[in-house]
Amino acid sequence: MWITYLDHAGSALFPESLLKAFTDDLRNNVYGNPHSQNISSKLTYDTIEHVRYRILKHFHTTAEDYTIIFTSGCTAALKLVAEAFPWIPEGTNQSSSRFCYLTDSHTSVVGMRGITASMNVLSVPVKPKEILLSEENKLPAEVQNCTTPHLFSYPAQSNFSGTKYPLSWIQDIKSGKLCPIKISGKWFVLLDAASYVSTSPLDLGVHQADFIPISFYKIFGFPTGLGALLVNNRIAPFLRKTYFGGGTAAAYLTGEDFYFPKKSMAERFEDGTVSFLDIIALKHGFDVLEKLTGGMEKIKQHTFTLAHYTYTVLCTLKYANGAPVVRIYSNTDFSNPDAQGPIINFNVLDEHGEVIGFSQVDKMASLYNIHVRTGCFCNTGACQMHLGLSNEDIQRNLQAGHVCGDDIDLVDGHPTGSVRISFGYMSSFEDAQTFLNFIISTRLSKLDSKNLFQPSVTKLTTESVPDDRSSFNCADKSSPIPHISDRELRNNLSAMKTTVNWQPLDSEAESISTSTAISKTAVPTCRRATGPITVTKIYLYPIKSCSAFEVTKWPVGNQGLLYDRNWMVVNQNGVCMTQKQEPRLCLVNPSIDLKKNVMVIQAEGMDPISVSLGENTGKEAMMCESKVCSHRVKTYDCGETLASWFSMFLGRPCRLIQQCSDMKNRSRQKNAEGTLSFLKIFVISHLVNITHMDFIPTI
Ligand SMILES: *Cc1c(COP(=O)(O)O)cnc(C)c1O
């Protein structure tokens, strides 16, 4: 089953050849800590310097004009700007600085105002149309006597709608021709390029913004947890620093307030040891991207073609009564790749024009194995602007229990967010079509009881946009992008391929019945009913996501039906597997014999295998903690024999684990702020496993 991955604005997918080149490099070279002086450290230092030049070249600039400061990501780079900018606070005898930001900015930009406020600097949100208006009556370039520095921040591309804001603003604002707000002083420009640079070339030789924060996983998919702040050298010497970490000091005293920073700007701001192996991976990222695609301009054209095609078809989809199927949130008509990136943001409507909540669309999409992003996309400003949500609406939604990132998609029938699809360099025409077919088949074919509508839809998709298709097909043959990236992607995703046809309806049924089994059978009194309720059937799901086990009567324990979802199958990282990821789970039939105190597990082509119902008997008492449906559970591993049985049947390494009966310490944990270095965490878990195994005697 292919995954149709349409969240490239969330993260790009890395090509396999990038990982291979990177691991080959690590195998053949020893890279030490760049702060040491030995030969392996010198190699690291030199390679990092080389990567800095490579990044500068990618953005068409040189070390004369820009400094690269490595950070953990775009967010950390933004925070650094807020901390280091030479603000002049309120209440001095000079005129004070302003921090201005476009309202269509990422949360991580808006959050800078928390830092500026603590420094007594005022922040001013500016709406896109206010800038566009003042753009129409540009002032002559002004010579300013007042030198108070102000900062204006705007996204080169909105991560919500894909709108590209004019790069010409940079020069106009710096020269004083364009004023975000009326105030005298000297304007500096922060261009948030995190979304833009993943699919567009950026020429800093022409567009000399002062600060450009980026995250590398948005370009290459790997490494995660690494970003950079590109700082124009005209402002670099004026940046302030309070904290000083390892590697930043030229000299300092512990007993006295004496600290001298390193001369190089990068070294001064890179506190501690940079993520040096990840930085080395970037070199391979640039190489591979160039080789696979032919460069950013090609990526821009390729991704735009896909977005344009998808947009055009989406706009033509209509219900039988003429009502549109989607409402697209966009500032452009997708005619110009310089004004629009490969992101489409929309809500699906029913035939009466009512919005269908994004959670529902998300769930339906996952049944088709289409991965989209939903919600407000860390961009409340854009969300408000496009969905018409007032400040009061946002506050009221919070009171109604809706928080950013949850699945409360409608409050009083009004959407709290939307659906976003986004293309990357490895996206293919098939991805676009799979998505369109999903929208058509879930919305249009179902309603079509008289079968009147279906043919016209087919006609729409094939006839109304012939140009895009054929132009894309041409590209398919002549440009290296689709072939190579497709092949790469296939390799990349082959691990996810399964031999069994996945049946969406079964999975849906599974997820619905597991969640409602208890309330329908064991606890009927919870349901409001007028007459007595008779339980006719009881289904147990002893192993989560596997087949049901039907019984006529069953004991109820303090957590519901005894042994219901007491076991689960986890992957090699200890993470619970679901039928969506592993459809063959539904072919596993567990049954429980309470008298014999065993669960027998059967599957076609396998010898039945049994598990004792008691905890911890004959099993390795390996305790580990897992998270299931955002609950922390304690589990026991059921041992090698069962692990081999499941691995054999599912064709990939996995284990059976049993939930520990002590469930009192259930706790919900909040997600960490920002984007975690998720790939790194995987690596850590593997390292832990390896060291663990070294100490466990093989049986
Ligand atoms: C992704 C993104 C960010 C934040 O990047 P992180 O990697 O989460 O730090 C900021 N701005 C824009 C426009 C983005 O797309």
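Every residue in the stretch 381-400 that is within 16 Å of the ligand (Cβ to nearest atom) and farther than 20 Å from Val361 by Cβ, please. Answer for the stretch 381-400, where residues must be within 16 Å of the ligand (Cβ to nearest atom) and farther than 20 Å from Val361 by Cβ: Gly381, Met385. Answer yes if at least one residue in the stretch 542-557 is at pLDDT below 90, buried (at least 16 other Cβ atoms within 10 Å of the Cβ) and touching a Pro at 6+ places or on another chain (Cβ under 6 Å), and no otherwise. So far as the stretch 542-557 goes, no, none of its residues is at pLDDT below 90, buried (at least 16 other Cβ atoms within 10 Å of the Cβ) and touching a Pro at 6+ places or on another chain (Cβ under 6 Å). On inspection, Thr107 qualifies as near the ligand (Cβ under 10 Å from one of its atoms), within 23 Å of Tyr196 (Cβ to Cβ) and not aromatic (Phe, Trp, Tyr). Every condition in (1) among the acidic types (Asp, Glu); (2) at pLDDT 90 or above; (3) crowded, with 17+ Cβ neighbours inside 10 Å is met by Asp607 except one, and the failing one is (3). Condition test on Leu133, is it under 26 Å from the mean Cα position of the chain (by Cα) and more than 25 Å from Thr248 (Cβ to Cβ)? In short, no. Would you point out the residue of the stretch 45-65, among those that are among the charged types (D, E, K, R) and either in a helix (DSSP H, G or I) or without any contact (Cβ under 8 Å) to a residue 24 or more places away in the chain (or both), that is surrounded by the most Cβ atoms within 10 Å (Cβ to Cβ)? Out of the qualifying residues, it is Arg52. For the stretch 217-227, the candidate set comprises residues that are within 12 Å of the ligand (Cβ to nearest atom) and hydrophobic (A, V, I, L, M, F, W, C); within that set, the residue that is surrounded by the fewest Cβ atoms within 10 Å (Cβ to Cβ) is Ile219.
Of the helices (runs of 4 or more DSSP H) contained entirely in the stretch 66-183, those carrying at least 1 residues that are surrounded by fewer than 17 Cβ atoms within 10 Å (Cβ to Cβ) and of a type outside the set (S, T, N, Q) fall at 112-118, 128-136.
Restricted to the stretch 210-315, the set of helices (runs of 4 or more DSSP H) holding at least 2 residues that are more than 29 Å from Glu64 (Cβ to Cβ) and polar (S, T, N, Q) is empty.
In the stretch 374-387, the condition of being at negative phi, part of a loop (DSSP other than H, G, I, E, B) and at pLDDT 95 or above is met by no residue. Within this structure, Phe304 passes the test of being within 29 Å of Val51 (Cβ to Cβ) and either crowded, with 20+ Cβ neighbours inside 10 Å or of a type in the set (Asp, Glu) (or both). The sole residue among Val419, Val403 that is surrounded by fewer than 20 Cβ atoms within 10 Å (Cβ to Cβ), of a type in the set (A, V, I, L, M) and either within 16 Å of the ligand (Cβ to nearest atom) or within 19 Å of the chain's Cα centre (by Cα) (or both) is Val403. Could you tell me how many of the residues in the stretch 365-407 are aliphatic (A, V, I, L, M) and within 21 Å of Lys127 (Cβ to Cβ)? The number of residues fulfilling the criteria is 5. Residue count for the stretch 134-170, restricted to those that are modelled with pLDDT under 95 and within 23 Å of Gly341 (Cβ to Cβ): 1. On the stretch given as the stretch 171-216, residues that are within 11 Å of the ligand (Cβ to nearest atom) and at pLDDT below 95 total 0.
Once the stretch 1-44 is narrowed to residues that are of a type in the set (S, T, N, Q), outside any loop (DSSP other than H, G, I, E, B) and in contact (Cβ under 8 Å) with a residue 24 or more places away in the chain, the residue that is farthest from Thr273 (Cα to Cα) is Thr4.
Residue-level analysis places Gly114 outside the set of residues that are more than 15 Å from the ligand (Cβ to nearest atom), at pLDDT below 95 and farther than 30 Å from Phe423 by Cα. Selection of first residues in the stretch 172-191 that are among the acidic types (Asp, Glu) and of second residues that are crowded, with 21+ Cβ neighbours inside 10 Å, restricted to Cβ pairs under 9 Å at least 6 apart or on distinct chains, gives the following pairs, ordered by first then second residue: Asp172/Leu178.
Any chance the stretch 31-53 includes a residue that's out of contact with any strand residue (DSSP E or B) (no Cβ under 8 Å at 6 or more places or on another chain) and within 16 Å of the ligand (Cβ to nearest atom)? No, there is no match, as no residue in the stretch 31-53 is out of contact with any strand residue (DSSP E or B) (no Cβ under 8 Å at 6 or more places or on another chain) and within 16 Å of the ligand (Cβ to nearest atom).
Condition check ((1) touching a Leu at 6+ places or on another chain (Cβ under 9 Å); (2) touching a residue at least 24 places away in the same chain (Cβ under 8 Å); (3) surrounded by 20 or more Cβ atoms within 10 Å (Cβ to Cβ); (4) over 16 Å from Ile440 (Cα atoms)) across all residues:
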| position | (1), (2), (3), (4) |
| --- | --- |
| Pro324 | yes, yes, no, no |
| Asn336 | no, no, no, yes |
| Ala339 | no, yes, no, yes |
| Pro342 | yes, yes, yes, yes |
| Ser359 | yes, yes, no, yes |
| Ala365 | yes, yes, yes, no |
| His371 | yes, yes, no, yes |
| Thr374 | no, yes, yes, yes |
| Cys378 | no, yes, yes, yes |
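Quick check on Arg268: is it of a type in the set (D, E, K, R), under 27 Å from Thr148 (Cβ atoms) and surrounded by 21 or more Cβ atoms within 10 Å (Cβ to Cβ)? In short, yes.
The values are calculated or read from the model by the stated rules, or taken from the named source; none is laboratory data. This structure is a prediction, so every number in the text was calculated from the model and none was measured. Because the Cβ atoms are built from the backbone with ideal geometry, glycine has one as well, and the counts that use them run over all protein chains shown.
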